[in-house]
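Each reported figure results from applying straightforward, stated rules to the coordinates on display, with no laboratory input. The model shown is predicted, which means the values in this text are computed figures rather than measured ones. Here the Cβ positions follow ideal geometry from the backbone for every residue, glycine too, while neighbour counts run over all protein chains shown.
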Amino acid sequence: MVTQTPEYMSVSPGDTARFSCKCSKGVYHSGASVHVLSWYLQKPGQPPKRLTYHANTRPSGTPERFSGSGSGTDFTLTITGVIKDDVGYYYCMQGIEYPFTR
C-alpha cells in the first residue's frame, strides 16, 4: 500500500513543490541494489510520464527541476522552480510487490 501527501497542492511559478510517498513496507530490491519506486506525472487526456525510477534516477527527457529522494519506506518528489506546464496529477508507484500500487 502507498500513501501520498498532500492530496492537493497550489503553488506559484518559481516555487518549490514537494510530494511525499509512504509505502507500507520497504521497496528495496536487494538483488538489484535499488529502491523499486517511481514517480509519474499524468495530464488530462495523456498517458502517464515517468519522472523518476529507482527512487532518484531521472530518465532521459525529464527536466532537472524534478528530483526524487528517499529510502526505506519514505520517498519525496521535489520540483525546484515550478513552471505552469508542471500542472497535473503526480503519483508514486512501488514495484517490489504485486499488485503494484500507487
Note, ³J(HN,Hα) from phi for segment 61-69, Karplus 6.51, -1.76, 1.60, rounded to Hz, x at Gly and Pro
x, 7, x, 5, 5, 8, 9, x, 8
Cysteines in the chain that, by Cβ-Cβ distance, have no pairing candidate under 4.7 Å
23
Amide H within-cut-off set for residue 81, under 5 Å, with H built and near neighbours excluded:
16, 17
Rg over Rh, two decimals, the chain (C-alpha only, Kirkwood Rh):
0.96
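If packing is taken as the average count of other Cβ atoms within 10 Å, what order do 67-76, 2-11 fall into, highest mean first?
67-76, 2-11
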Rel. contact order, % - alpha carbon contacts under 8 angstrom, at least six apart, segment 2-94:
36
Between residue 34 and residues 5 or more places away or on another chain, the pairs with built amide H atoms under 5 Å apart involve 29
From the phi angles alone, apply the Karplus equation (6.51, -1.76, 1.60; θ = phi - 60°) to segment 35-43 and give each ³J(HN,Hα) in whole Hz, x where the residue is Gly or Pro.
8, 8, 9, 10, 10, 10, 10, 10, 10
